[in-house]
Amino acid sequence: MSPSLADFGLRKGINEVIGITKGEWINTAPLGIIVEDDGGRKAKVRLYSNHTRKNIRNGSPLWINVIDDAVIFALASFKDLESTFFESLDPPVIKGALSWCRMETELKGSYAELELVEGKLLRKELRAVNRGFNAIIEALVHATRMISLRKYEKDKVEYYLKLAEKCGGDREKRAAKIIREILSELP
Ligand SMILES: Cc1cc2nc3c(=O)[nH]c(=O)nc-3n(C[C@H](O)[C@H](O)[C@H](O)COP(=O)(O)O)c2cc1C
């Protein structure tokens, strides 16, 4: 039987992952992959005007890395991960990724339609839900909107960073520090 999105951890709803495309360099960015049927192979992602969209327009597939490392989300939100962060460059797989998959892409208006071509489940790790990790994701969503859409949401970012520092483990605390440092350098 051919694999489906659920085999790689992509479930119905919006899946926060690291999206990787290739252009002049390997581009990494957190993306929300929208899945309506996780027993199937089709998904979509809304793309703002960013490097991910540009690379897809120029014909790059989208590699998805499912990963639960708050530091990777924090770094990839603001810059591209250097090659030392990868355990494989072909296919591009970030160290510690739980699964990867390669999606064929087609841009349609503000969305890219995606179809699963191949993928691999790499690790099965057991971790209880951690509010600190979820708070890092929320802080980053608001911080990246602040930057790309010039929306002023500093209070929301601060609220989620405090929550991450209270409930998170070492990686979430480190991610919060990285986010604070990057935001403090903004004009
Ligand atoms: C959890 C999370 C989910 C995101 N989802 C999307 C998304 O679905 N589409 C998008 O265009 N940007 C999304 N972003 C914002 C991009 O990751 C961010 O703007 C990034 O800097 C774009 O990088 P790039 O220019 O290298 O593509 C998301 C950010 C976070 C933190």
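Considering (1) over 18 Å from VAL141 (Cα atoms); (2) in contact (Cβ under 8 Å) with a residue 24 or more places away in the chain, say which one ASP69 fails and leave the rest.
All conditions pass for ASP69, except number (1).
Give the residues of region 93-131 that are open to solvent by less than 70 Å² (accessible area, probe 1.4 Å) and outside any strand (DSSP E or B), sorted by residue number.
Correct list: GLY96, ALA97, LEU98, GLY109, SER110, LEU122, ASN130.
Checking ARG145 against (1) assigned to a helix (DSSP H, G or I); (2) away from the ligand (no atom under 12 Å from the Cβ); (3) of a type in the set (Lys, Arg), which single condition isn't satisfied?
Here ARG145 meets the rest and fails (2).
Quick one: would you say LYS156 is under 18 Å from ASP69 (Cβ atoms) and basic (Lys, Arg)?
no
Limited to region 151-178, what total is found for residues that are under 14 Å from ASN134 (Cα atoms) and of a type in the set (Phe, Trp, Tyr)?
So the count comes out to 2.
Take the conditions more than 13 Å from the ligand (Cβ to nearest atom) and within 17 Å of the chain's Cα centre (by Cα) and apply them to LEU98. Does it pass?
yes
Residues that are open to solvent by 10 Å² or more (accessible area, probe 1.4 Å) and within 13 Å of the ligand (Cβ to nearest atom): which strands (runs of 3 or more DSSP E) entirely in region 1-92 hold 1 or more of them?
13-22, 26-35, 42-46, 62-66
The values are calculated or read from the model by the stated rules, or taken from the named source; none is laboratory data. Just so it is clear, the model here is predicted, and its values are computed rather than measured. Using ideal geometry, Cβ is built from the backbone for each residue, glycine included, and neighbour counts are taken over all protein chains shown. Note: areas computed on protein heavy atoms with side chains; ligands, DNA, RNA excluded. Shrake-Rupley method; radii C 1.70, N 1.55, O 1.52, S 1.80 Å.
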